[in-house]
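The values are calculated or read from the model by the stated rules, or taken from the named source; none is laboratory data. Quick caveat: nothing in here was measured; it's all calculated off a predicted structure. Cβ atoms come from the backbone with ideal geometry, glycine included; neighbour counts cover every protein chain shown. The protein model used for the area step is the full one, side chains on, heavy atoms only, and it has no ligands, DNA or RNA in it. Shrake-Rupley method; radii C 1.70, N 1.55, O 1.52, S 1.80 Å.
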Amino acid sequence: MTNGKFNVLIVEDQLIPTQLFKYLISSSEKYILKKSIECAAFAELYCMAGNIDLILMDVLTSDEANGLIAAEKIKKKYPDIKIIIITSMPECSYLDRAKKLGAEGFWYKDNRKESLISVMDKVMEGQIVYPNNLQLVNIGVAKSNEFTNKELIVLRLMTGGYSNQEIADKLGVSLNAVKKHISNMLSKTCLRSRTELAVKARESGLVILERAEIDI
C-alpha cells in the first residue's frame, strides 16, 4: 500500500477501457495507480518489483499475450496479490479457468449490474466475486447456454478449422459422435451448415481457439 491506498496494476491494451480504469482509480480514496501496461507478458516483472496489491487483468492483450496465463504464473509466485480478470469476450471457458488459477474476481466489461469499483472493493475486503452466469450470446436462434459442454468443445475446434475426423481423433471419440454433436447444434440454432455454425460462433466470441490448443 502507498499512503493507505491499494496499489493497482492495469493490464489492458485498449484505450477506452484503460481510460475508464484510470478514472475509477483516480476518483477513489482507496486506490492508487502504480502502472498501466498493454501486454500481460510483462505483468510479472512489475510484481517482482513489489508493492502491487491488485491487478486488473484483461484476457486478450497486445502481442497475443494471454492474461489468464500471466495471472496463473503471478498467483503461484505472489499469492497475496489480488487479481480481477476482465474481458469483453463471452468465451465459455474463461470463468472456470479464472477460478482454477485462483483469481479473486471476474468482471465483464459490459456488466450493467455491478460496477468494476464495487468488485474491486469486495475483492480487497477478502471476497471472491464472480458473475452468477456466463455472458450470453446468440448463435442463430439459440442462446449460448443451450449448448452442452461437449458441444462447446467440438464447436471450439470447428472454429479452428479442424475437420470432423481431426476433432474425433483429438477428443478420442468416434466420428459419428462428433457428427451427432454438430447435428444437435445445427438443430438448436436453425443454421444451415457446419461452416455457418463455425462462422457465427467465431464472430460471437463464444469459443476462441488459442494457439496452445493447435497441435494437430
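A few points about this structure:
- Under the condition of being open to solvent by 60 Å² or more (accessible area, probe 1.4 Å) and within 20 Å of SER93 (Cβ to Cβ), the residues counted in segment 141-160 number 7.
- Among the residues of segment 38-60, those that are over 14 Å from ILE84 (Cα atoms) and in contact with a strand residue (DSSP E or B) (Cβ under 6 Å, 6 or more places away or on another chain) comprise TYR46, ASN51.
- Only residues that are under 21 Å from SER93 (Cβ atoms) and outside any loop (DSSP other than H, G, I, E, B) were counted across segment 170-192, and they come to 10.
- Annotation note: of ILE81, ILE85, the sole residue that is under 18 Å from ILE25 (Cβ atoms), open to solvent by less than 10 Å² (accessible area, probe 1.4 Å) and not small (Gly, Ala, Ser) is ILE85.
- Only listed residue being more than 27 Å from GLY205 (Cα to Cα) and over 16 Å from the mean Cα position of the chain (by Cα), chosen from LEU20, LEU15, LEU33, LEU9: LEU33
- Of the candidates GLU29, GLU64, the single residue that is at positive phi and out of contact with any Leu (no Cβ under 9 Å at 6 or more places or on another chain) is GLU64.
- Residue selected from segment 38-87 under the condition under 18 Å from the mean Cα position of the chain (by Cα), among the aliphatic types (A, V, I, L, M) and in a helix (DSSP H, G or I), by the criterion farthest from SER118 (Cα to Cα): ALA41
- Hey, ILE117 open to solvent by less than 60 Å² (accessible area, probe 1.4 Å) and closer than 16 Å to MET185 by Cβ or not: no
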